[in-house]
Structures are given as structure tokens and as C-alpha cells.
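Undergrad: Take a look at the following structure, please.
Each value in this text was obtained by applying a stated rule to the coordinates, not by laboratory testing. Treat the numbers as computed from the prediction; the structure is a model and nothing was measured. Ideal geometry is used to build each Cβ from the backbone, glycine not excepted, and the neighbour counts take in all protein chains shown.
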Amino acid sequence: GIMACAVSLLMIGGEFDLSSGVMTGSTALLLGVLVSEVGLGFWPALLIVIGFAALVGLLNGLLVTWTRLPSFIVTLATMFVLMGLNSGATLAITGQVRVGGIDQAPGYGLAQWVFASRLDTGWPVTVAVGWWLLVVLLGTWALQRTRYGNWIFAVGGDNAAARNVGVPVRRTKVTLFVVVSLCAALVGTVNAVELTSVSAGQGTGYEFYYIIAAVVGGTLLTGGAGSVIGASLGALILGMTTLGIQYAGWDSTWRFTFFGLILFGAVLLNLWVRKRAGGTA
């Protein structure tokens with residue numbers, strides 16, 4: 001849900017980030033290495049992780065805006081670079097492809113309360129849900145109530161027209177890439193604190209789930225339209241589908257078929273709505 005919100009903002013701005021899934025694993029691995037191998041406390045390590053995430057997002061945004069290459073290609077390259085680093089660097093440092101012992105880091109007790117504590121609601125709900133709701137509120141406010149939100153819709157709708165009316169296209173898109181990477185750091189931190197160990201393959205492939213959730217929630221693949229709340233509802237639909245298949249006793253791999261059908265149906269519905277809105281249907 002957190003990543004679906006961030007990815008939807010980027011897609012509304014007309015771009016994609018295929019490294020977003022791997023970034024959740026990369027930030028979690030970096031956090032684990034810093035606290036278990038380097039010996040840093042949790043919170044100094046988290047600051048480094050945040051800086052790393054912001055740097056990756058900045059590089060993605062600058063490469064896309066300076067080279068004018070499709071963001072699909074740029075972030076695909078970033079994804080493979082991070083995948084290699086996740087496996088190779090972790091193996092070289094720890095001798096295996098996972099990092100553990102995160103719960104032994106100084107400051108872990110407070111971190112566990114902030115990122116992974118369970119809420120006393122009578123339901124199995126963790127504080128991560130609160131982080132999700134906070135991201136939804138901030139994203140919706142930024143998109144609907146600020147000048148920056150207008151810029152996001154403008155650059156996603158038409159780059160040239162937005163630039164002609166004074167919208168800072170490059171700054172807007174670079175900021176969106178940074179936001180996606182920072183949200184990936186948040187998700188990676190939550191996962192690391194909850195599980196207390198991280199594997200090198202964590203997060204790989206999840207970028208497609210984020211995109212599907214955004215599209216199911218009404219975000220156009222062509223950019224210029226969508227909402228953070230819609231992306232959150234899309235994430236809920238995917239989550240309920242996954243759990244429903246398991247509770248029904250089906251093979252869990254069937255979820256991929258459902259995800260594909262849901263994506264195809266959402267794209268067709270979005271296309272139909274767009275044509276109706278434009279009066280061309």
C-alpha cells in the first residue's frame with residue numbers, strides 16, 4: 001500500500017520506476033549490514049539508509065530528465081544493478097545471501113515500537129498500517145491541495161505544455177523519483193524490523209504489484225490522471241485477492257493469473273472512461 005501510493009504519484013507524473021521493488025530489499029539489506037556487520041546503532045544506520053535511498057532516486061530522476069531516455073529503460077538498468085549488489089555485496093560481506101541479527105542492534109527496542117509494534121485493536125494490525133495511512137494522507141494532500149500536485153498532473157499530461165506555462169518539469173519529476181525511493185526505504189525498514197533478517201532476493205518482482213495496484217486504482221499508464229486513494233484501494237484489492245486464494249485452498253500461484261486479468265480489465269476500463277470523458281466513445 002505504501003509503495004502503491006508513491007508509484008501512483010510517479011505514474012501520474014508520466015514516469016515509471018522498475019527499481020522500486022528491489023529498492024525495498026536493498027535498503028533493508030543495507031540497514032542489516034550496517035547494524036550487524038559494521039556495528040552501528042539502528043538510528044545512525046537508518047540515516048545512512050535514507051541518504052542512500054534519496055541518492056538512488058536522485059540519480060534515477062536526473063538520468064531520466066537529462067538523457068530523456070524512457071524511465072522504463074533507466075530504472076530497469078537500476079533494478080539489475082541493485083539486484084547484483086544485493087546478492088554480490090551481501091555474499092562478499094557476510095558469506096551468505098542474507099543478513100540477520102538486526103534485533104541485536106542498539107536502539108532496536110524503540111525501532112520495533114515505531115515500525116513494527118502491534119496496535120491494540122483486537123485485530124492483527126501492526127503500526128505499519130498507520131504508516132500507510134500517513135502516506136495516503138500526505139500524498140492526497142500534496143496531490144489535491146498544493147501547487148506541486150498541479151505540477152504533477154501537468155507534467156504527466158503534457159511535458160511541453162507544462163514547461164511553456166512555467167512548470168519546473170525536471171524538478172517535479174526528480175522529486176517524484178526521490179519520493180518513491182524514500183518510500184521504498186520506509187517499507188524496507190519496516191520489513192527488516194519485523195523480520196529481524198533480510199534475504200538478498202527480498203522485494204524482487206514487487207514493482208509490478210505496485211504498478212498493478214496503481215492502475216487498478218484508476219491511475220492511467222499514460223500519466224496525467226489518478227489518485228493516491230485509488231492506488232490504496234487497488235492495493236487492498238490485490239491483498240484481498242491473495243488472501244482469498246489462500247483461504248479457498250487454491251494453489252497460491254493462481255494469484256498471478258488473477259493479477260494479470262485484473263490489470264487487463266483495469267486498463268480497458270480506464271481507457272473506456274477516458275474516451276467517455278473526452279467525448280470520443
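Undergrad: Where does the charge balance sit around THR175 when Lys and Arg score +1, Asp and Glu -1, over other residues with C-beta under 15 Å from its C-beta?
TA: Working: positive: ARG147, ARG170, ARG171, LYS173; negative: GLU15, ASP17.
Summing Lys and Arg as +1 and Asp and Glu as -1 gives +2.
Undergrad: Contour minus end-to-end for LEU110 and PHE72, with contour as 0.36 nm per residue of separation and end-to-end as the Cα-Cα distance? Kindly include the intermediate steps, with their values, before the conclusion.
TA: Working: separation 38, 0.36 × 38 = 13.68 nm, distance 3.82 nm.
Roughly 9.9 nm would be gained on extension.
Undergrad: Compute a Gaussian network model of the chain, connecting alpha carbons closer than 10 Å, and tell me which residue from ALA116, ALA248, ALA162 fluctuates the most.
TA: Top of the fluctuation ranking is ALA248.
Undergrad: As an exercise, identify the trypsin sites (Lys or Arg not before Pro) in segment 45-135 lying in DSSP coil whose Cβ has no more than 10 other Cβ atoms within 10 Å.
TA: Values: sites: ARG68, ARG98, ARG118; in loops: ARG68.
Those that pass, being in a loop and sparsely packed, are ARG68.
Undergrad: Right, something else. Can you order the peptides 34-41, 229-236 by their average number of other Cβ atoms within 10 Å per residue, highest first?
TA: Going from most to least packed, we get 229-236, 34-41.
Undergrad: Let me ask you something else. Which whole-number percentage describes the relative contact order of segment 25-155, with Cα contacts under 8 Å and a sequence gap of 6 or more?
TA: 25 percent
Undergrad: Considering the values (1) 60, 48, 33; (2) 50, 49, 39; (3) 53, 38, 38, which represents Cα extents along the principal axes in Å as calculated for the structure under consideration?
TA: So the structure-derived entry is (1).
Undergrad: If I model a spin label as a point 7 Å beyond the Cα along the Cα-Cβ vector, how far apart are those points for TRP272 and THR257 in nm?
TA: Taking the two extended label points, one gets 2.3 nm.
Undergrad: Specify the angular offset, from 0 to 90 degrees and rounded to the nearest 10, of the alpha carbon long axis of helix 20-33 from the longest principal axis of the alpha carbons in the chain.
TA: The two axes meet at around 20 degrees.
Undergrad: Taking a temperature of 25 °C and a viscosity of 0.890 mPa s, what whole-number D in µm²/s does Stokes-Einstein yield for segment 137-281 with Rh from Kirkwood over alpha carbon pairs?
TA: Rounded, D is 142 µm²/s.
Undergrad: Label point 7 Å out from ALA161 along Cα-to-Cβ: which residues of segment 258-273 have amide N under 19 Å?
TA: Under cut-off, by backbone N: 271-273.
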